[in-house]
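Beneath this line is the structure, given in structure tokens, with notes to follow.
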Amino acid sequence: MVPVQRVEQLRAPLELVEGLTNLDHLDRLDGFARILRDATAPLLASDADTLQVTQAIASVIDALTKRLLRLGEARLGPPPYAYSWLALGSHGRGEPVLSSDQDSALAYGGPRRGDAAPDTYFGALATAVVEGLARAGIPRCTGGFMATTWSLPLENYADSFTRWVDRALPAELLRAEVFLDVRPVHGDLDVSRLADILEGGGRRGGFMLQMARAAVTFRPPRVIWRHVRTAHGNLDVKRSGTAAIVLLARLYALAAGSAARTTPLRLEAARDAGTLSVSGVDGLLDAYRLLTGMRLRHQVAQAVAGATPDNLVPLAALTSADRRRLLAALRTIRVMQEITERRFQTHTVT
């Protein structure tokens, strides 16, 4: 049972979710980013778990997405086939922050691509939702991982997923990595086989090696004499911290045979299976909470000031206690990446 205090802390985002179920005019989306910021700020000021805050943000985005889909269905008519709207990336993991962009896909039943009727319907539905989310202040994905591009029959996805796992090409790894975070948000189509393909085939040597290489790509800056070396005094907490933890958690959970989606659950699954040490998992969990909290507080402050949220946290703004914790977090990430390099022999030529 969730403690009463935690329920009170989460009341603002819960009320926002309830309000979205009755959304009927898209002009109400124009102030959504501010409303979401105002619901997030009190949680960060309280003792709410940082990762519980990101789950609350994900719940709000889920509710908005579902409402936009229902509005789209009301305008376009009943869908020609059962479908499922899929959250990917940070949204799929339930870990978005205020700067997170859209990561989505749409899978539908029926024949492989080529039937004009479902292509037209689901393309129009995807466009309506993506545009609605953008109007609400959730940016479009610059990498194209949105349902406007990824709207396909389930069989097409299954073919693609199998090819990604079998070939294990670096150029296709990004797609597989993003879809490993897949989570159904709305719809009646059963898409569990997609996760099964990635999770089952993903434990093959070639695919695991490519995932391990990706997990050691985003390096934290060096810590020298208790100072973090950065170019302009700002730390990109995503590229220099949280991205590496997400990739490490995904890698070691897959090695453990776990279907967990969130980064904390993946790390815990790796610990329980012995693919990561207890101390390593504890260190990465602490680092992830710390860096995510820094990221969110920085973004709320930016949004209040009228700036576009980013991931560049000014080191000068940190307290001495947070600076010490940051140094420890960055060291932990580097150590776990070095362990991963040795374990998976990531410098091996294939």
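In terms of surrounding Cβ atoms within a 10 Å radius of their Cβ, His186, His91 rank from fewest to most as His186, His91. Applying 0.36 nm per residue to the separation of Asp30 and Gln55 and subtracting their alpha-carbon distance, the gain on full extension is 6.7 nm. When you restrict to C-alpha pairs under 8 Å that are six or more residues apart and normalise by the size of region 203-350, the relative contact order lands at 32 percent.
Cα centroids of region 234-249 and region 323-346: 11 Å apart. Computed over the chain, the per-residue total of -39500 (n - 2.57) for DSSP H runs of n ≥ 4 gives a 222 nm mean residue ellipticity of -19000 deg cm²/dmol, rounded to 500. Oblate is the label for the chain, because the ratio a/c of its alpha-carbon gyration tensor axes (a ≥ b ≥ c) is 1.5 or higher and a/b is not greater than b/c.
Taking the dipole about the Cα centre of region 203-350, with the C-beta of Lys and Arg at +1 and of Asp and Glu at -1, give me whichever of Phe344, Ala329, Val304 is farthest to the positive side. So the residue we want is Phe344. The gain in end-to-end length when the Glu155 to Thr142 segment is fully stretched comes to 2.1 nm, 0.36 nm per residue minus the alpha carbon separation.
Among Thr346, Thr217, the order by Cβ neighbours within 10 angstrom, fewest to most, reads Thr217, Thr346. Once C-alpha pairs closer than 8 Å and six or more residues apart are averaged by separation and normalised to the residue number of the chain, the relative contact order reads 17 percent. Scattering from region 203-350 was approximated by placing one identical point on each alpha carbon and applying the Debye formula without solvent; log10 I(q)/I(0) at 0.09 1/Å stands at -0.29. With springs only between Cα atoms under 10 Å apart, run a GNM on the chain and tell me which of Ala87, Ala307, Ala58 wobbles the most. So, out of Ala87, Ala307, Ala58, the one fluctuating most is Ala307. Comparing mean-square fluctuations of Pro139, Pro309, Pro78 from a GNM of the chain with C-alpha springs under 10 Å, the top value falls on Pro78.
So if I place +1 on the C-beta of Lys and Arg and -1 on the C-beta of Asp and Glu, and nothing else carries charge, what would the dipole magnitude of region 203-350 be about its Cα centre? I want it in debye, nearest 20. Working shown, then result.
Working: 23 positive and 9 negative charges, 44 e Å.
So the dipole magnitude of region 203-350 works out to roughly 220 debye.
FYI, it's all coordinate maths here, none of it is from the lab. Remember, predicted model here, so these are calculated numbers, not experimental data. Methodologically, a virtual Cβ is constructed for each residue, glycine included, from the backbone with ideal geometry; neighbour enumeration extends over all protein chains shown.
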